[in-house]
Amino acid sequence: MRILVTNDDGYLAQGIRTLAEAASRLGTVHVVAPDREQSATSHSLTLHYPLRVREVEPGVQVVDGTPTDCVVLAVGELLPERPNVVLSGVNHGANLGDDILYSGTVAAAMEATVLGIPAVAISYTGRDPERIPEWTELLTTLLRQLILRDDFPADTLLSVNLPAVDPADVRGVRVTRLGRRAYVGSLTRARDPSGREYFWIGGGESQWWGGPDSDFRAVHAGYISVTPLHLDLTNYSLLEGIARWDLKL
Ligand code: MN
């Protein structure tokens with residue numbers, strides 16, 4: 001089992017170290033990760049400047065690009081063979097509900113799906129990433145069941161969120177659907193020391209909602225959520241309805 005490990009928090013993040021450790025118990029690990037924080041870069045691809053790759057230690061290569069760049073370079077050029085699976089994370093922070101639209105962690109797994117490779121994104125919903133190493137055993141157990149199987153679904157990635165509890169207190173695993181999240185007060189408008197106006201996106205409070213089978217409910221109840229995601233954004237339930245608009249030229 002050849003496993004590509006990447007993330008969006010940069011190769012120095014605690015989360016990717018823990019993930020690489022867990023993955024190393026299941027196969028041969030290659031790390032190809034951004035050389036710096038790339039959170040919330042979503043699925044962006046670097047087209048307008050060349051990408052540089054450095055090997056910082058055996059089996060760990062870093063790229064001055066996005067998580068998607070990392071997967072494209074790793075699969076296309078850097079790895080000696082095509083990986084059997086791509087793991088992304090462990091993200092320092094949740095990727096629940098609408099978060100996945102912005103997440104570089106989930107996008108890296110999506111890129112693997114685009115390339116036809118099974119992929120799992122893993123995110124830690126706690127605010128204390130220094131505790132992520134405590135999850136190594138549990139993560140190994142879970143990943144063994146998710147990736148060492150021959151019926152991993154095609155055109156699908158799995159998004160896993162770890163609850164903000166002690167690993168010993170995890171109540172189990174729930175297969176979930178995406179909830180919804182909205183941010184309030186996350187746009188700052190202010191002036192810099194020289195008086196020029198600036199805007200800053202980030203922070204604020206988030207509100208979430210979702211049914212009993214949602215990812216939010218699961219992690220708030222102390223479960224690990226596993227959400228299967230696919231990339232086809234077509235709203236099938238509206239195909240006939242929009243067709244009835246009878247659009248003409
Ligand atoms: Mn991140």
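Before moving on, here are some points about what is shown:
- Computed on protein heavy atoms with a 1.4 Å probe, the accessible areas place Leu238, Leu73 in the order Leu238, Leu73, largest first.
- Modelled this way, with points 7 Å down the Cα-to-C-beta line, the labels at Arg149 and Leu187 are 4.2 nm from one another.
- GNM flexibility winner over the chain from Ile201, Ile16, Ile117 (Cα, springs under 10 Å): Ile201
- In terms of its C-alpha gyration tensor, segment 1-121 has a rounded overall shape, because the principal axis ratio a/c (a ≥ b ≥ c, square roots of the eigenvalues) stays below 1.5.
- Kirkwood estimate for the chain, i.e. one over the average of 1/r between Cα atoms, Å: 19.0
- Descending semi-axes in Å of segment 47-188, equivalent ellipsoid built from Cα gyration tensor: 25, 20, 16
- Accessible surface for segment 1-68, divided over its residues, is 47 Å² per residue with a 1.4 Å probe.
- In this simple spin-label model, placing a label point 7 Å from the Cα along the Cα-to-Cβ direction at both Arg82 and Thr28 gives a separation of 1.6 nm.
- Most mobile of Asp98, Asp192, Asp64 in a GNM of the chain (Cα contacts under 10 Å): Asp192
- Per residue, the solvent-accessible area of segment 73-124 (1.4 Å probe, heavy atoms of protein chains only, all protein chains present) comes to 30 Å².
- Each 10 Å bin from zero up to the one holding the largest Cα-Cα distance in segment 126-249 carries the following percent of pairs: 10, 26, 27, 19, 13, 4, 0.
- Using a Gaussian network model of the chain in which every pair of alpha carbons under 10 angstrom is joined by a spring, one finds that among Pro67, Pro83, Pro212 the greatest mean-square fluctuation is at Pro212.
- Global geometry of segment 184-246, whether rounded, prolate or oblate, following the gyration tensor of its Cα atoms and the 1.5 cut on a/c: oblate
- Accessible carbon and sulfur surface of segment 1-141 relative to its total accessible area, %, 1.4 Å: 51
The values are calculated or read from the model by the stated rules, or taken from the named source; none is laboratory data. No experiment lies behind these values; they were computed from the predicted model shown. No Cβ is skipped: glycine too gets one built from the backbone with ideal geometry, and neighbour counts run over all protein chains shown. All accessible areas refer to the heavy atoms of the entire protein, side chains included, with ligands and DNA or RNA removed. Shrake-Rupley method; radii C 1.70, N 1.55, O 1.52, S 1.80 Å.
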